[in-house]
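The structure appears below as structure tokens.
Each reported figure results from applying straightforward, stated rules to the coordinates on display, with no laboratory input. Please read these numbers as outputs of a predicted model, since none were measured by experiment. Cβ coordinates were reconstructed from backbone atoms using ideal geometry, including for glycine residues, and neighbour counts include every protein chain displayed.
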């Protein structure tokens with residue numbers, strides 16, 4: 001079985017061999033130590049006879065062409081289409097995961113499509129999309145595949161974006177950032193208890209990821225899914241917004257989304273629209289310029305504003321652009337809004 005597995009997989013990056021055919025992975029903060037034949041917590045990497053392999057390389061579980069706003073990216077080529085792909089697995093265990101059917105499963109337990117990096121890039125170009133998005137499950141756990149596609153896409157003039165939980169070590173992150181254009185991180189909460197109890201991860205590595213992305217110059221946007229009674233207190237929202245402004249600046253877009261019960265956290269009610277609107281108000285009070293709402297009908301929270309004139313620069317309805325008054329990211333009054341506009 002292991003001989004066949006090795007023949008249909010790719011040796012992993014960022015691991016070291018240990019005595020007794022054991023290995024330790026250094027891709028993400030889980031730093032799994034694996035005996036021969038053992039899988040990582042991500043369900044995507046496996047120790048085969050003392051070597052670590054990616055078991056999801058070239059195995060696509062999901063393909064869609066989506067509006068870039070669905071990722072969500074609001075400051076990246078508004079109105080453009082993203083060729084969106086996923087593999088299987090994740091390095092977190094979020095009880096509220098909306099894509100658990102692919103993120104909490106082994107690749108052998110789901111039918112996947114084989115696709116080389118060359119095929120992915122060719123298919124993306126044939127679709128007419130301007131962007132390849134690594135999304136739906138966690139792109140970090142298919143690191144080698146994601147990296148190879150991003151390198152090839154960059155060489156052929158396609159942009160690439162990562163939709164991630166941010167749970168990655170600094171060295172592989174810095175290498176990946178050389179080849180991607182934008183990175184969306186789910187900052188799931190601003191307290192360690194939430195991360196430990198509801199995700200199986202930790203907060204501090206996410207904060208380090210956010211700072212590393214910002215320092216690299218790669219475009220960054222942040223999303224927080226507000227879950228009633230878990231991460232939506234005024235104190236946490238004030239603290240998170242202050243941290244973002246102090247460490248990342250006042251111009252990083254922050255999206256607050258409404259939670260709808262699913263997966264293993266169905267005992268809680270949906271988030272009220274009022275909570276999402278209040279979160280936006282708190283973040284703006286703390287000085288953040290671009291704060292958005294998601295999964296609720298609130299046009300004011302979907303629009304991008306020129307911070308000087310307070311006029312609408314981009315008007316949205318759901319995932320669709322109603323009006324775009326920017327010219328290459330510049331407001332009619334001359335104010336430049338940060339982002340990727342061309």
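A few notes on this one:
- Span from the the range 156-177 Cα centroid across to the the range 2-72 one, whole angstrom: 16
- Sequence-separation-based contact order of the chain, relative, with Cα cut under 8 Å and 6+ spacing, percent: 13
- Spin-label zone in the range 180-198 - amide nitrogen under 16 Å from a point set 7 Å from the Cα of residue 155 along the C-beta vector: 180
- Cβ-Cβ FRET estimate between residue 260 and residue 193, R0 fixed at 25 Å, reported to 0.05: 0.65
- Segment residue 208-residue 106, length gained on full extension (0.36 nm per residue, minus Cα span): 33.9 nm
- Ranked list, fewest to most other Cβ atoms within 10 Å of each Cβ, for 198, 18, 27: 18, 198, 27
- Residue exposure sequence - 70, 178 - by fewest surrounding Cβ within 10 Å: 178, 70
- Principal axis box of the chain, alpha-carbon based, largest edge first, Å: 64, 44, 33
- Taking each residue as 0.36 nm, the span from residue 118 to residue 216 lengthens on full extension beyond its C-alpha to C-alpha distance by 32.6 nm.
- Computed from the C-beta positions of residue 274 and residue 31, the FRET efficiency with R₀ = 51 Å rounds to 0.80.
- Alpha carbon centroid spacing (whole Å) that separates the range 73-115 from the range 302-337: 30
- Neighbour counting of Cβ atoms within 10 Å sorts the residues 94, 331, fewest neighbours leading, into 331, 94.
- The range 1-140: relative contact order in percent, alpha carbon pairs under 8 Å with at least 6 residues between: 22
- A simple spin-label model places pseudo-atoms 7 Å from Cα toward Cβ; at residue 70 and residue 335 they are separated by 3.1 nm.
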